[in-house]
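Structure, as structure tokens:
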There are 2 protein chains.
Amino acid sequence: MSVDTSHSLAERSFDRALIHSLLKHVGNPRISIRLWNGDEFQVSDERPVACMEIRRRRAALRLLRSPSVGFGECYSQGLIEVHGDLLAFANEITAAITRKREGRYYGPKLRSMLHAMNANSLTRARHNVHHHYDLGNDFYKLWLDPRLVYTCAYYESPAATLAEAQLAKLEHVCRKLKLRPGQKVIEAGCGWGALALHMAEHHGANVVAYNTSTEQIAYAREQAATLGLDDKVKFVEDDYRNIDERCDVFVSVGMLEHVGLANFGTLGSVIKRCLKKDGIGLIHSIGRSHAQKMDPWIIKHIFPGGHAPSLSEMTAVFEPCKFSIIDIENLRPHYARTCADWLRNYEAVTDQVAAMYDEEFARMWHLYLAGSSAGFQSGTLQLYQVLFVPHGNDQVPWTREYQYQGQSGRA
Amino acid sequence: MSVDTSHSLAERSFDRALIHSLLKHVGNPRISIRLWNGDEFQVSDERPVACMEIRRRRAALRLLRSPSVGFGECYSQGLIEVHGDLLAFANEITAAITRKREGRYYGPKLRSMLHAMNANSLTRARHNVHHHYDLGNDFYKLWLDPRLVYTCAYYESPAATLAEAQLAKLEHVCRKLKLRPGQKVIEAGCGWGALALHMAEHHGANVVAYNTSTEQIAYAREQAATLGLDDKVKFVEDDYRNIDERCDVFVSVGMLEHVGLANFGTLGSVIKRCLKKDGIGLIHSIGRSHAQKMDPWIIKHIFPGGHAPSLSEMTAVFEPCKFSIIDIENLRPHYARTCADWLRNYEAVTDQVAAMYDEEFARMWHLYLAGSSAGFQSGTLQLYQVLFVPHGNDQVPWTREYQYQGQSGRA
């Protein structure tokens, strides 16, 4: 392909060295590399799980300058292509990076403490939410389950479908909370309203659900009207910090990731002023096994202002307000599966997404869904459901057996 | 009783003022007071749950100087008597103090951080353990269950007896760990060996169990011989810091309370070097909903070197070594019940205890058991069971339903 002069030979061996150093940086994953000049090689002796084609020299330079943002952007723009299964590729890269970073703890921990001083303002928070959730309901309808639940599902058995598992998740949350008819529920960050509607329709709860996403709130209100649940569920377009009414149950599924470490104490205070003494609460959030900063590409393009906290970081919501944590469940494998199901749905509609937006956007979301599944698969990401009560509430369940009564997955 | 001169009247009203200030300090509990001079009064308008008799003026002064140590010592020495139910009295005092301290968080949190710098040395740790656990096996046999399990029991139903609940706890731990025949288990802090023996006898595990208490280890070895389990269970008289062998399962029930905050990271490192990549671990410990120092009387007379950590403090065991916490259960109500059961057993043998030791020791332990039950009842104390795996272990249970299969309490 290229002319083999001594000059280009030197350049080729320089390029190879650059790529080698880059691959070493990410733990020498089992992938093969194809360069813009036709060069092909691999750094691991093991059979490659996929081939990464770097189609332009400038893409390699962007990778070197910023591996995460560089890769994400170049992939989205088609300057980098992955031949083979994108999820297998993402799993391999994530696992290699995880092995590579095995020893690191205190650096990221320190960064997390500094990060805790950087709060999301009301305006900034609104902007961040708009960036992700106001992409258009039609976009999410293409690949989410019919209820539009955009958080970790709960597969009672591995054979469950995504739709079954999302319904089971709604039930799992209600069961944990021992939700009873007539109870007043506040939901902070309600997405398209699936949980709020389910609580009202199937458990007789009175729900006030908050969200700052205009499109999601509009959709949720429509659903409430269609289902005749307007009198049981109120959808409020507002920030969680403005919630100020008493409730029996406080629930938040998939919002904490957007709150930002610096506001964890504020969220705790909001819950404290709302939750009755004999009330109960549940927070469901993506997390980490130990403090780590978010991937820079994710922050730049997918979740501005987002943070996945370690349990130690999460306790800042609960301990200053003296909540008693009664149960924590880690649903990590379920989120790996959820993302893989979303990915499969998404792959079937990529062309439609490209037509709605453009090719770059479609590729960006493809990578994001594959990368997220890989994050949960490798343990880089975790999913915590934290059940808690105000200090001194004695109305706690005696054992957790009640959570598993009547589950369809029972052997 | 006393002569009513104007001098003694002044003295009496001074004494009353002192006691009033003291009772205000502990949140004006619903108790009545009887003084050495025959004076009787109460500070709350509500019906008193018990009467505290302060039999000597010097006891009142000791209470003022140091409410916790003063009360504990004076009660033990009979200078203070409680008329009525000691547990009801302890519950009331604990609840009043908890209400009183509602707002405090950052002071205790800061003290906890300072405390984290003060490590229990090997010698000190051994001395502390000796202080509590080498009181004589005969003493504990008087009021514990037949297996001598001296940690929180698990009452599958509230109707269970202490012996049933301790057996159920051993099973609950084994079930959580998915213990299989032939697996190698390391137990750190094995008490009288009940869990290690149960794991070997009923689950076919090979257990190496560590403890620094000479008397407990001797008893546990006898039990192993009696049960013919010498080949399956090895009891080692040594500190957890010296454990250095590979295992499938690492378990520690009721030891973390004695480790001291400063050594949490060390414990994590010990587990990391022992636990295989596909292994699983469980730590069961008394804890707090938020950082608080231990009661000074408990530290002085009952558990020198002890500390009940908040979850935030506990993460120092897991996060630096990147363990993934997959499940946390808070068994607080079960420990309130366990202590109440111990207390009832103990009250039936108080005379025997006084004969074995002396009256002061017998009263001290009576107060300690009542106070502990009150601590768990009020939420001052919590009980956490933390299940964890090494980072990247994918052999985690799919849901927690397996923990509730075949429980006798099932409806």
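The values are calculated or read from the model by the stated rules, or taken from the named source; none is laboratory data. Given the structure is predicted, the values throughout are model-derived calculations rather than measurements. Here Cβ is always computed from backbone atoms with ideal geometry, including for glycine, and neighbour counts include all displayed protein chains.
Scanning the range B:67-106 for residues that are over 20 Å from B:GLN382 (Cβ atoms), crowded, with 20+ Cβ neighbours inside 10 Å and among the polar types (S, T, N, Q) yields a total of 1.
Checking the structure you have, find out if any residue of the range B:250-269 is over 23 Å from the mean Cα position of the chain (by Cα) and within 17 Å of B:LEU170 (Cα to Cα). Scanning the range B:250-269 turns up no residue that is over 23 Å from the mean Cα position of the chain (by Cα) and within 17 Å of B:LEU170 (Cα to Cα).
Table: residues versus (1) among the β-branched types (Val, Ile, Thr); (2) in contact with a Ser or Thr (Cβ under 8 Å, 6 or more places away or on another chain); (3) closer than 30 Å to A:THR98 by Cα.
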site: B:THR266; (1), (2), (3): yes, no, yes
site: B:LYS276; (1), (2), (3): no, no, yes
site: B:LYS300; (1), (2), (3): no, no, no
site: B:ALA308; (1), (2), (3): no, yes, no
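Taking the range B:286-295 as the range and being within 14 Å of chain A (Cβ to nearest Cβ) and in contact with a Gly (Cβ under 8 Å, 6 or more places away or on another chain) as the test, the residues that pass are B:ILE286, B:SER289. Within the range A:113-144, the set of residues being at pLDDT 85 or above and either among the small types (Gly, Ala, Ser) or within 16 Å of the chain's Cα centre (by Cα) (or both) comprises A:TYR140, A:TRP143, A:LEU144. Being surrounded by fewer than 24 Cβ atoms within 10 Å (Cβ to Cβ) and either under 15 Å from A:VAL253 (Cβ atoms) or within 25 Å of the chain's Cα centre (by Cα) (or both) holds for only one residue in A:GLU222, A:GLU215, A:GLU201, and it is A:GLU215.
Okay, residues lined up against (1) within 14 Å of chain A (Cβ to nearest Cβ); (2) assigned to a helix (DSSP H, G or I); (3) modelled with pLDDT of 95 or more; (4) over 17 Å from A:ASP327 (Cα atoms):
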position	(1), (2), (3), (4)
B:CYS339	no, yes, yes, yes
B:LEU343	no, yes, yes, yes
B:TYR346	no, yes, yes, yes
B:TRP365	no, yes, no, yes
B:SER373	yes, yes, no, yes
B:VAL386	yes, no, yes, no
B:PRO397	yes, no, no, no
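Whether a residue is of a type in the set (Val, Ile, Thr), away from chain B (no Cβ under 13 Å), assigned to a helix (DSSP H, G or I) and in contact with a strand residue (DSSP E or B) (Cβ under 7 Å, 6 or more places away or on another chain) was assessed, and A:ILE298 does not pass this test. Checked against (1) part of a loop (DSSP other than H, G, I, E, B); (2) crowded, with 16+ Cβ neighbours inside 10 Å, B:PRO158 passes all but a single condition, namely (2).
Can you name the residue in the range A:302-331 that is of a type in the set (Gly, Ala, Ser) and at the interface with another protein chain (Cβ under 9 Å from one of its Cβ atoms) and, of all such residues, is farthest from B:HIS290 (Cα to Cα)? It comes out as A:SER310. Mind checking whether some residue in the range A:390-410 is outside the structural domain of A:ASP295 (by TED's automatic domain parsing) and of a type in the set (Lys, Arg)? Yes: one or more hits.
Total residues in the range A:170-179 satisfying the condition of being assigned to a helix (DSSP H, G or I), in contact (Cβ under 8 Å) with a residue 40 or more places away in the chain and crowded, with 20+ Cβ neighbours inside 10 Å: the figure is 3.
Taking the residues in the range B:12-39 that are β-branched (Val, Ile, Thr) and modelled with pLDDT of 90 or more as candidates, determine which candidate is farthest from B:ARG57 (Cα to Cα). So, considering only residues that are β-branched (Val, Ile, Thr) and modelled with pLDDT of 90 or more, the one farthest from B:ARG57 (Cα to Cα) is B:ILE31.
When A:GLN405 is tested against (1) within 9 Å of another protein chain (Cβ to nearest Cβ); (2) within 30 Å of B:SER312 (Cβ to Cβ), exactly one condition is not met: (2).
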